Structure formats: C-alpha cells, structure tokens
Amino acid sequence: MPAISRDEVAHLAGLARIEMSPDELDRMAGQLDVILGAVAQVREVAGDDVPATSHPMPLVNVTRPDEPRPGLSAEQALAGAPAQQEQRFRVPRILEED
Amino acid sequence: MSDLTRRTAAELSGLLASGEVSAVEVARAHLDRIAAVDGDVHAFLHTATESALADAAAVDAARAAGEQLPTLAGVPIAVKDVMTTQGQPTTAGSKMLEGWVPPYDATVVKNLRQARLVLLGKTNMDEFAMGSSTEHSAYGPTRNPWDLNRIPGGSGGGSAAALAAFEAPLATGTDTGGSIRQPASVTGTVGVKPTYGAVSRYGLIAMASSLDQAGPCARTVLDAALLHEVMAGHDPLDSTSLKDGYPDVVAAAREGARNGIAGLKIGVIRELHGGDGGYQAGVLARFDESLELLTKAGAEIVEVSCPSFTSALAAYYLIMPSEASSNLAKFDAMRYGLRVGPQGVEAPSAEQVMAATRAAGFGDEVKRRIILGTYALSSGYYDAYYGSAQKVRTLIQRDFAAAFAQADVLVSPTSPTTAFQLGAKLDDPLSMYLQDVATIPANLAGVPGMSLPSGLADEDGLPAGIQLLAPAQADDRLYRVGAALESLLNDGWGGSILDKAPKTLEATK
C-alpha cells in the first residue's frame, strides 16, 4: 500500500496553494511515495530518550533598541509589486461587486 | 584567452596592489572571457558589464589617489543569484522572481562591495537552491566546463562552473545540504561551507533556515580563505549570526601550505567510505591516495564511526522540505514577483490567484519539496516524520562530538561520483538526492566543511573531491589541512588540477 495516495497529494497541494493538473498529481504521488518510503526509516532510529534538536545553534531572542530610524521609502518598498495604486499594493479583488 | 583570467585571486591582488595591472583591465579580461564562453557554459544569469567596469574604475581611481584598499580590492567575483543585489536582478533561478530587482543588498553582498570586489554578475543555480545538478534552474542548465554534456553540480553549479571556466576567480555560494561542496567536487574547484552562523543570511532567499549557510567558492584554498574573511562576521540583522569565534582562516591557509600538518589527527568516517553508499571506484582511489599523502606529511590517520550518518539523508529530506514549504509561502503573488490569474475565472479570489501563480511560477522539484514538507508538518504525521528527523539531528551532533574527541579533522569523499550526464537523474529524484549523502551531516549539525580536488577518476578522467570537516567555529582547521593537502597534490600534478582540464571551451570558439 502506498504511503501517500493521490487524494492526499491533492489535499496537500490545496493546503500549499499550488494548483495541480490530474497528470501532475499522478506523477507527484508516485514520486512522493518512493521518497517517503526511503525517508520513513527515521521513525525507527531514535527512541523516546533522545531529545529533538530543531536548530544547530542554541537560539535566544535578539532585540534592538526601539528607536525610530529611516526604512525604505514607499517607492522603494513598492518597486517589486506586481501592481500598485495610490502608493499601495494592489491585490486581486476577493469580494463580488455588490 | 587572457592570462589574467588564469590568475588566482591572491595573484591578482598582488598585481593590482603593485600597479602592474589595473582593476579595469582585470574586469575587462573576465567580461571578455564570459562573452566568449558563457554561451556554452551558461554559468551566468545576468552579467553586470557596466557596473563592473565602473566599480573597477573607482578602485583604480582610489588606488591612484593613494587610498589604502582592502586585500581583494579590484578582484572580480561572481555572485550566486540567491543573494539580493540592489539594482541587479535576483531570481534564485526561478520564474517566480523573473525580472525582480531587489531594493537592498544582502549583507554578504554589502561586505563584498565594502571590500571593493568587482561584481561581475549573478550565477545560475537550481531553483531556490533545490537540486544537485543546476538542471532545475528555470533558465536552463549550466554545463560542466570539463565536459559540456555533464552537470556542474548543484545548486551552486553556476558559481562552480564560472570558476572552472575561468570566467571569475572567485564566487559566492550557499550550502544547505552540499550546494557549495558538491559542485566544487565535480568541477575541480574549492568550496567551503563555514560554521552555521559565521556568514550572515540576511538578504539570502531562504530555502531551509536552520541549514542554509553562505560560503566562498574559489580555485585555491588560499583564495577561499581570503573570500571567507570578507564574507564572515557578526551581523545584527541576522538573529542566528555568531557573535564571536571567527578564526583567522587566511593565516591558517598560509600556515598549512608552509608548515604542513605534522601531529594532526585526521579521522576517516567509516560510514562515508565505500560500503553501500554508491561510491565510484575512481573517487575512492583518489581519496585513499590523499590519505597517504596526509600520512606522509606527518598526520595521523584514525578511523572513526558515526553510525547515525546513515540516517542523515532521510532526516534531511524531512527537515529541509518542512522549512522550505514554510519559507516559500511568501511567494503568494501579492507583494512581488509573478502574478497569474486563473484561466476562465472573472473575479478570482486571492486564493485562486495564489494557487495559479504558484503552479506557474514553481518548477517540479520545488513543488515536490513543498508538498513533502507540507505532509511532514501536517497533523498526524508531525511527530512520526518531522519530530523523528529532529531526533536524528541530535544523534548526528553526538556522533560529531564523539568523532572530534578522537580527531582534529574528519575526512570523506565529497560526492560519491564524478559529474553525471545531463538529464541522467532528472526523472529519479531519490537518486539525485543521494549525491549529497556525505555533505548533509555537516548541515544538520552546523559544523564547517570544505571540498577540494583530490584528482581525476580513472573511469572518466573527471574531477573527484575530498571533504574535510571540523568542529563548529574551528573553520581554520579546514584551511590548514586543505592548504597542506592542496600543496602536496599540486606537487604531484605539477600544477593546479584545472590545468588538466580538456580544452573543451577553447575548441568551441
């Protein structure tokens, strides 16, 4: 039985906000099944006594003094925007007209 | 070809300082070389001809005015396209960012500019640094200068190929699972992944934040050290940037080349030396010869065992996609980059635009990893996959600690094989992933690693690499041992390994 089904891949693609064609779903499901089969061994390697490490360095919060200072200008910040209007990001409409 | 393009960065630095050549001459020689060969190699996605010549002219003017300049002032460099460059396109090899010009420089790029290096342009890479062959670039593959039908490694294949094709004496790279070291190995160049946190990640387009590390790519160990010194340093803009522990790597490289390595203990990692890892015979033969040279130079070779390394690849391919799926969520079609409307929908929702844009903007490998990461992080699977992988990470760190208690430096072949044919592994992602089997443990534990050429494999005459690993914040050991080994190998070869490269590129002109 495959570790991951085509339906699951379709569900994950939805969660990840990636549109996928039926062909793409078929191909991806097959490949992910092979990959998951190969990586599944991690479940048997370490017991409950081994703590998880999420990062190579012990992390601490780093803060800076809360002082105002110049940032990007509005023009610079908007320079990469796909669309803009009145010095703002213009994004696709999500509500119906009325 | 101009002789200037065959020079190392250290040599160019000397020629520039003494006034024998101008920075403009050096820049022009490299730009001419790029114009002549990059149609075949495709190491560059963008060449910054005008700004490079202007920057070079500014260095010449400063020198003429008697200004004290940094060591590498006027030396050209190629920058991996994953690093933001103010005023120059930055795409990370993806259609998603096609045409995007960042409003700011990555800290690494800022450091290069402050050190007055001349930025030649941006190098090709696997999309969002995902791949081991640079075939996953949305702009077409880079080719290996040793054989144009073969891959230059990945994801930093563009940077490595630019060095091997003499288009640039220095380049930058990023290494999440081996993307600096593996391309170095298959192109006969030198690549270093510094200790995690030694080089700022600010302005690097992130793949997996707990693994990504920028580092130097060069043709010699000393050149890598000179560039490492410029790139590294504390950066308040990166919360994971190290505050201290920056050893003098340039002094270490010089000391290694001069005094050798007598008395050092070098540990051979049993799990990364042959066995069932798919290692090519010629790669192992060159590795064993390097060990013999190190022994003759006075180092003591010991065998160490790191049993958890056999699970490193599996842990990596759960942790990396998990972090990548989160990092790439920012490509949402709203603030920058590509925006695609779904077909046949009059008033699409933001979600529909996002899904259509991500479908059109991401390539197969990126989609695969985002889905894999989304799966590993999803409810019900999180503990079994992601949580277990993080435990393996603990075991790998323990293995490193035990191994470094027995040896000063660890060694293995860098990549199990020499450069494979373009297209050979494109339909087999798992086989592509195996290329990084020896390099991944260093990323999971945050320790530094270097790859340098160990010779040419008997089967195909292509470069093989040897990997050196050191404890965190002991990057200088890599340079000391690397420079010593490089000097011994060059004595045997009668020069640099790149002198043995077939004249593929000259023949095509």
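The values are calculated or read from the model by the stated rules, or taken from the named source; none is laboratory data. This is a predicted model, so every value here is computed, not measured. So basically every Cβ, Gly included, is an ideal-geometry build from the backbone, and we count neighbours across all protein chains shown. Remember, those area values only see protein heavy atoms, side chains included, never the ligands or the DNA or RNA. Shrake-Rupley method; radii C 1.70, N 1.55, O 1.52, S 1.80 Å.
Of all the accessible heavy-atom surface of the range B:270-341, with the other protein chains kept in place and a 1.4 Å probe, what percent is carbon and sulfur? The partial results should precede the final answer.
Numbers: 1450 of 2760 Å².
Carbon with sulfur: 52 percent of the solvent-accessible area.
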Return the residues of the range A:72-87 for which accessible area with all protein chains present is lower than in the chain on its own by 30 Å² or more; set the probe to 1.4 Å and exclude ligands, DNA and RNA. A:LEU72, A:GLN76, A:GLY80, A:PRO82
Whole number in Å², please: accessible area per residue of chain A, 1.4 Å probe, ligands, DNA and RNA not counted. 72
Expressed as a whole-number percentage, the relative contact order of chain B with C-alpha contacts under 8 angstrom and at least six residues apart is 18
In nm, the gap between the two label points placed 7 Å beyond Cα toward Cβ at B:GLN114 and B:ALA65 is 2.0
What number in nm² do you get for the range B:1-147 if you take the convex hull of its Cα atoms and divide its surface by four? 8.9
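Please give the calculated 222 nm ellipticity per residue for the protein assembly as shown, where each DSSP H segment of at least 4 residues contributes -39500 (n - 2.57) and the sum is spread over every residue; nearest 500 deg cm²/dmol?
-12000 deg cm²/dmol
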What full-extension length gain, to one decimal in nm, is calculated for B:ALA401 and B:HIS234 as 0.36 nm per residue of separation minus the Cα-Cα distance? 57.6 nm
Report, in cubic angstrom per residue, the convex hull volume of the C-alpha atoms of the range B:129-171. 59
How long is the gain from B:GLN343 to B:ASP244 if the chain were fully straight, where each residue apart is worth 0.36 nm and the alpha carbon distance is subtracted? 30.3 nm
May I have the convex hull volume per residue, in Å³, for the Cα set of chain A? 289
For the range A:40-98, state which GluC sites (Glu not before Pro) are in a DSSP loop and have at most 13 other beta carbons lying within 10 Å of their beta carbon. A:GLU86, A:GLU96, A:GLU97
With no solvent term and unit scatterers on the alpha-carbon positions of chain B, Debye gives log₁₀ I(q)/I(0) at q = 0.07 Å⁻¹ of -0.34
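For B:SER18 and A:ASP66, what does the FRET efficiency come to when R0 = 45 Å and r is the distance between their Cβ atoms, rounded to the nearest 0.05?
Numbers: r = 50 Å, r/R0 = 1.11.
So, using R0 = 45 Å, E works out to roughly 0.35.
Can you run the Rg to Rh ratio on the range B:72-116? Use alpha carbon positions and the Kirkwood inverse-distance Rh.
1.01
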So, in nm, how far is label A:SER5 from label A:ARG93 when the simple model puts each one 7 Å beyond its Cα toward the Cβ? 4.0
With every protein chain left in place, what is the accessible area per residue of the range B:133-179 in square angstrom, probe 1.4 Å? 13
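State, to one decimal in nm², a quarter of the convex hull surface area for the C-alpha atoms of the range B:130-222, i.e. the direction-averaged projected area.
Value for the range B:130-222: 5.7 nm².
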For the range B:386-509, shape from the Cα gyration tensor axes a ≥ b ≥ c, cut at a/c of 1.5 then a/b versus b/c, turns out oblate
Which trypsin sites (Lys or Arg not before Pro) in the range B:301-383 pass both tests, a DSSP loop state and at most 15 other beta-carbon atoms within 10 Å? B:ARG335
State the percentage of accessible surface on chain A attributable to carbon and sulfur atoms; use a 1.4 Å probe and exclude ligands, DNA and RNA. 51
In the range A:47-71, which residues become less accessible by 50 Å² or more once every protein chain is in place, relative to the chain on its own, using a 1.4 Å probe? A:VAL50, A:THR53, A:PRO56, A:MET57, A:VAL62
Could you please state how large a percent of the accessible area of the range B:424-479 is carbon and sulfur, counting protein chains only and using a 1.4 Å probe? 49
Write down the percent of antiparallel bridges among all DSSP beta bridges whose residues are both part of chain B, to the nearest 5. 65
Over chain A, what is the relative contact order in percent, taking alpha-carbon pairs closer than 8 angstrom and at least six residues apart? 17
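With a/c under 1.5 counting as rounded, go ahead and sort the range B:91-156 into rounded, prolate or oblate using the C-alpha gyration tensor (a ≥ b ≥ c being the square roots of the eigenvalues; past the cut-off, prolate if a/b is larger than b/c, else oblate).
Values: a/c = 2.59, a/b = 1.51, b/c = 1.71.
Cα axes put the range B:91-156 in the oblate bin.
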In the range A:13-30, what residues drop by 40 Å² or more of accessible area when the other protein chains are put back, versus the chain on its own? Use 1.4 Å, and skip ligands and nucleic acids. A:ALA16, A:ARG17, A:ILE18, A:GLU19, A:MET28
Here P(r) for the protein assembly as shown, Cα-Cα distances in 20 Å bins, as whole percents, is 21, 56, 22, 1, 0
Taking 8 Å as the Cα distance limit and 6 or more residues as the minimum spacing, I'd like the relative contact order of the range B:412-509 as a percentage. 25
On complex formation of A with B, accessible surface lost, both sides summed, probe 1.4 Å, nearest 100 Å², amounts to 4800
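With a 1.4 Å probe and every protein chain left in place, work out the accessible area per residue of the range B:231-339 in Å², rounded to a whole number.
41
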